[in-house]
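The values are calculated or read from the model by the stated rules, or taken from the named source; none is laboratory data. Since the model is a prediction, treat every value here as computed from it, not as a measurement. Quick reminder, even Gly has a Cβ in these numbers, built from the backbone with ideal geometry, and neighbours come from all protein chains shown. For accessibility, only protein heavy atoms count, side chains too; no ligands or nucleic acids. Shrake-Rupley method; radii C 1.70, N 1.55, O 1.52, S 1.80 Å.
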Amino acid sequence: MKGIRKIAMLLSISSIAHAQRGIELTLKHSANSNRYEVYAKPNFSKRNFLLGPSQITLVLPSEVADEKLRISNVDGGTWEDNSVVYKPLANERNDYHGVATMGAKTDLVEGNETLLFSFSLPKNIKSSEVRLFDNNEDPNSSAPGMQGGDFSNTLNDAIAGDFYLGNYKETSKKTVNPKDKKKELLDFEDTGLVLFPNTTKDDFKVSLSEVSEEELVTLILSTETGRIIMEVKTNKKDLEEKILHVPSELPSQNLVVRVKTEKKLFGRKLILDRE
């Protein structure tokens, strides 16, 4: 009996430890480009995490045209607007779009946001009325008008373990002491700039959604302590076409990518992992 209790206790501890590992989601809106971006943020790190069949549901105001969304994929596989319910009786103010993927390998870094996909809506739609599905509050499959469809958010691994923890709100800017020039590299808008991949051994590319094609930009790659590794001055179009190479002598660490324009400073962390 004691042996059985001991095994049960170990299984319980293992289950709790697994349950504590998970991924949160957030939806961000870029006003200048009118682009909506869905990000995932894990509370653990794992290279080549194999995301399995998963779904992220978007809740839109019912005045949006009754048609499927055009999804721009970035990470986590091919995301498609597969399941849609318009103005269900359970909530006639909203439409529900279940965006699903069969999954793919992705690198996860604890606390680091990964852009999964983006989409656009007409400019007359209020961004404050566009959100992610709430598994606890939004209508379930048995609710009137939901047509038996389960629109719950799920982020499964390859063996169907659900890592979805919930949704979190966007934090658009990090504040620092402006007198500290080294800390200046952390004082940036974290929307409008996308790095792919977010974790790299050597190369990466950038995408800028809030800058015009010919606008002059300066990209600066730095360490977290402020040492500049690379500086590139060009226009947006040329920058997005470049494959940027991190010097081979640089060891694994967190780096910061900043892109400066005449009016704004964008930035994101880049994880250099050469292990």
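Placing a label point 7 Å from the Cα of Glu63 along the Cα-to-Cβ line, the residues of the stretch 115-131 whose backbone N sits under 14 Å from it are 122-130. Heavy-atom accessible area, probed at 1.4 angstrom with all protein chains present, ranks Lys169, Lys242, Lys205, Lys87 as Lys169, Lys87, Lys242, Lys205, highest first.
Each of Asp273 and Thr223 was given a label point 7 Å from its Cα along the Cα-to-Cβ line. The distance between the two points is 2.1 nm.
Beyond a 19 Å Cα-Cα separation, which of these cross-linked pairs lie in this structure: Lys41/Lys260; Lys205/Lys237; Lys28/Lys233; Lys205/Lys263? Exceeds cut-off: Lys41/Lys260; Lys28/Lys233; Lys205/Lys263.
Given an 8 Å cut-off on Cα distances and at least 6 residues of separation, report the relative contact order of the chain as a percent. Rounded, it is 18 percent for the chain.
Label reach from Glu129 (point 7 Å along Cα→C-beta): in the stretch 56-82, amide nitrogens under 17 Å belong to 58-67. Rounded to the nearest 20 debye, the dipole magnitude of the chain is 960 debye, with +1 charges on Lys and Arg beta carbons, -1 on Asp and Glu beta carbons, and the Cα centre as origin.
Across Val256, Val74, the residue with the most accessible area heads the list, and the full order at a 1.4 Å probe is Val74, Val256.
Dividing the summed helix terms, -39500 (n - 2.57) for each DSSP H run of n ≥ 4, by the number of residues in the chain produces a 222 nm estimate of -3000 deg cm²/dmol to the nearest 500.
Along each principal axis, taking the top coordinate minus the bottom one, the Cα set of the stretch 7-136 gives 56, 33, 24 Å in descending order. Protein heavy-atom surface of the chain, 1.4 angstrom probe: 49% of the accessible area is carbon and sulfur, with nucleic acids and ligands not counted. Projecting the Cα positions of Leu270, Phe204, Ala90 onto the charge dipole of the chain (unit charges on Cβ atoms of Lys, Arg, Asp and Glu, taken about the Cα centre) puts Leu270 furthest along the positive direction. Maximal additional length on extending the Asp203-Glu110 stretch stands at 31.4 nm, based on 0.36 nm per residue less the C-alpha distance.
Exposure check, 1.4 Å probe, all protein chains in place: Val246 carries approximately 0 Å² of accessible surface.
In this view, the solvent-accessible surface of Ile125, computed with a 1.4 Å probe and all protein chains in place, comes to about 10 Å². For Asn43 and Lys263, the difference between the fully extended length at 0.36 nm per residue and the C-alpha to C-alpha distance is 75.8 nm. Solvent exposure of the chain, expressed per residue, is 54 Å² of accessible area, with all protein chains present and a 1.4 angstrom probe.
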